Amino acid sequence: PTAGYGDHYTRQATSRPEAMDAFWMPFSANRQFKAEPRLLTGASGMFYRSVDGREILDATGGLWCCNAGHARPRIVDAVQQQIATLDFAPTFQMGHPLPFTLAERLVAIAPDHLNHVFFTNSGSESVDTALKIALAYHRARGEGHRTRLIGREKGYHGVGFGGISVGGLPNNRKFFGSLLPGVDHLRHTLDLERNAFSRGLPQHGAELAEDLERLVLLHDASTIAAVIVEPVAGSAGVVLPPVGYLQRLREICDKHGILLIFDEVITGFGRIGKAFAAERFGVMPDMITTAKGLTNGCVPMGAVFVSDGIHDAFMRGPDNMIELFHGYTYSGHPLACAAALATLDTYAEEGLFERAIELESYWADAMQALQGLPNVIDTRNLGLIGAIELASRPGAPGARAYDVFTRCFHREDLLIRVTGDVIALSPPLILDREHIDRIFRTLAHVIAETA
Ligand code: PLP
């Protein structure tokens, strides 16, 4: 159903080409898009509805966020009821019950020692919050000399200055000056020569974690506050951790008193079959950053999970002292909390995290079957994440995958996402085998056609 508030404005936006001028679209080729727009006006379950009335199968969960599918009635009801009851309440020296309840629900599904939650409005804010907590934590313990932050090449940690500084995507960094000082990077773990077409985790590359030992030698452990990595990197085109890599990072961090932060903005909330990748991989970080699937994407919200040890270091000194000079007007917003609570209920009632595990092998078979298609140089999969890497057209990086993307959308009624020449898939966890068949049948056909 699309009737409602949006309809009138949909007509306004689409009636004249110049009506699209004022919106400066994020991470988009604005002029190209506005010349051939792809507009969505409705959503339900596995499908979007396009402005021209087509039902589009969503193989991207919106943008890695609608893990329970679209417009789920329980979540819709919760948000509608909440806005009519308490639309906003401050959480600075004030409160309302929902963020307390939500935080308690969240820590119940988080790794054991992560018993505290700081709310934000996005993944970017979660990352900057976690980095600030790491720095302030060391200072609170009298180790204020630990100021260095370590990220990784190809890492994506949102677009705040902290996030792009520890991030490792050149285009997200190079336009914005000298970024945060005192940041270094591990090498990325993508290795098409040794690991192409791995099913699940790549076998080779755990030794790349030793980069951290090299940085410790170079900078000295006493200067290093934290390491941040995505357990599975998404925006770089889906990079999976080699078997043993994350375990080794954890060991080296422990040895040197360095905090380990997992950015689980895309892996959180069931994407790879557990609430968090930390659980799936059996590696426990000191903080986890999340957003997206927390509210099923329908209201902006992020959350940073913090260990007892870190939290307790702040809860000292006089009771009337603010322990952390950080927060957002909308931290713990009532609508976001209501959406998140209803989302968690939906995940639990429908067993959606388990569903990702149940479908994983069928999904992996479908991914692997693409091997041998023209220009497909790698497929990567884990849980309900998939990546298909295409050989770039000479002189036109990204063009081949973009071609597949637009044909899928305009002609095949399928929404995928591309980053460079990688097709990234992250469907809602409610999908079934018929959806999987359709996604891969369509992709195989379009990839062959564009060759
Ligand atoms: N961290 C990771 C791993 C992400 O994938 C993203 C977004 O895709 C972010 C952070 C940033 O999240 P947001 O766009 O909500 O700021």
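Throughout, read-outs are computed from the coordinates displayed, never taken from laboratory work. Here the structure is a predicted model, which means the values were calculated and not measured. Neighbour counts run over all protein chains shown; Cβ positions are idealised from the backbone, glycine included.
With a simple spin-label model that places each label point 7 Å from the Cα along the Cα-to-Cβ direction, the separation between His326 and Arg74 comes to 3.2 nm.
The HN-Hα couplings worked out from phi for segment 396-410 by the Karplus form 6.51 cos²θ - 1.76 cosθ + 1.60 (θ = phi - 60°) are 9, x, x, 5, 5, 5, 4, 4, 4, 4, 5, 5, 4, 6, 6 Hz, whole numbers, x standing for Gly and Pro.
Arrange the following residues from fewest to most other Cβ atoms within 10 Å of their Cβ: Cys337, Cys66. Walk me through the intermediate numbers first.
Values: Cys337 26, Cys66 30.
Ascending Cβ contact count within 10 Å gives the list Cys337, Cys66.
Ranked by the mean number of other Cβ atoms within 10 Å of their residues, highest first, the peptides 123-130, 249-256, 379-386, 17-24 fall in the order 123-130, 379-386, 249-256, 17-24.
So for Ile447, Ile272, fewest C-beta neighbours within 10 Å to most, what's the order? Working shown, then result.
Numbers: Ile447 23, Ile272 26.
So the ranking, lowest neighbour count to highest, is Ile447, Ile272.
Listed by chain and number, the aspartates and glutamates placed with their C-alpha closer than 14 angstrom to that of Lys34 are Glu18, Asp21; residues fewer than eight positions away on the same chain are left out.
Taking 0.36 nm per residue of separation and subtracting the Cα-Cα distance, what length does fully extending Ile377 through His204 add? Walk me through the intermediate numbers first.
On the way: separation 173, 0.36 × 173 = 62.28 nm, distance 1.74 nm.
So the chain would gain 60.5 nm between Ile377 and His204.
Checking the cross-link filter: which lysines have an alpha carbon closer than 29 Å to that of Lys132, excluding same-chain neighbours under 8 positions apart? Straight-distance partners of Lys132: Lys154, Lys174, Lys255, Lys274, Lys292.
Would you mind computing the Rg to Rh ratio of segment 76-350 from its alpha-carbon coordinates, Kirkwood style for Rh? Numbers along the way, then the final one.
Details: Rg = 18.6 Å, Rh = 19.2 Å.
Radius of gyration relative to Kirkwood radius: 0.97.
Using only the Cα atoms of segment 212-350, each taken as one equal point scatterer with no solvent, compute I(q) by the Debye sum, divide by I(0), and report log10 of the ratio at q = 0.11, 0.12, 0.17 Å⁻¹. Relative scattering, expressed as log10 I(q)/I(0), comes to -0.51, -0.60, -1.08.
If you take every DSSP beta bridge fully contained in the chain, what fraction is antiparallel? Give it as a percent rounded to 5.
Numbers: 32 of 48 bridges.
That works out to approximately 65 percent antiparallel.
Taking amide H as placed 1.01 Å from N in the peptide plane, Gly42 has its amide H under 5 Å from the amide H of Arg49, each at least 5 places away in sequence or on another chain. Enter the Cα centre distance for the pair segment 244-291 and segment 17-74, rounded to the nearest angstrom. Between the Cα centres of segment 244-291 and segment 17-74 lies a distance of 31 Å. Label sites at Lys255 and Arg139, each approximated as a point 7 angstrom past Cα along Cα to Cβ, lie 3.0 nm apart. Scalar couplings 3J(HN,Hα) for segment 349-362, obtained by applying the Karplus form with A = 6.51, B = -1.76, C = 1.60 to θ = phi - 60°, are 4, 9, x, 6, 5, 5, 4, 4, 5, 4, 8, 4, 6, 4 Hz; x denotes Gly and Pro.
Under 15 Å from a point placed 7 Å out from the Cα of Met94 along the Cα-to-Cβ direction: which residues of segment 307-343 have their backbone N that close? Those under the cut-off are 328-335.
In order along segment 287-299, the Karplus-derived 3J(HN,Hα) couplings, from 6.51 cos²θ - 1.76 cosθ + 1.60 at θ = phi - 60°, round to 9, 10, 9, 9, 5, 6, x, 4, 10, 6, x, 8, 9 Hz, and Gly and Pro are given as x.
With a simple spin-label model that places each label point 7 Å from the Cα along the Cα-to-Cβ direction, the separation between Gln32 and Arg54 comes to 1.8 nm. Fewest-first ordering of Asp77, Asp58 by other beta carbons within 10 Å of each residue's beta carbon gives Asp77, Asp58. The His445 and Asp308 beta-carbon pair, evaluated with R₀ = 51 Å, returns a calculated FRET efficiency of approximately 0.45. Once backbone amide H atoms are built at 1.01 Å from N, Ile377 has Glu389, Leu390, Ala391 as its partners under 5 Å, excluding neighbours fewer than 5 places away on the same chain. Under 5 Å from the amide H of Lys154 lie the amide H atoms of Gly168, Leu169, each residue being 5 or more positions distant or on a separate chain, with H modelled from the backbone and absent for Pro and chain starts. Between Gln81 and Arg411, the contour length at 0.36 nm per residue exceeds the alpha carbon distance by 114.9 nm. Highest-first packing order for the peptide set 306-315, 327-336, 368-377 is 327-336, 306-315, 368-377, based on the mean count of other beta carbon atoms within 10 Å.
With an 8 Å cut-off on Cα pairs and a minimum separation of 6 or more residues, tell me the relative contact order of the chain in percent. Spell out each step's value before the answer.
Values: 871 pairs, mean separation 92.8, N = 451.
Relative CO of the chain lands at 21 percent.
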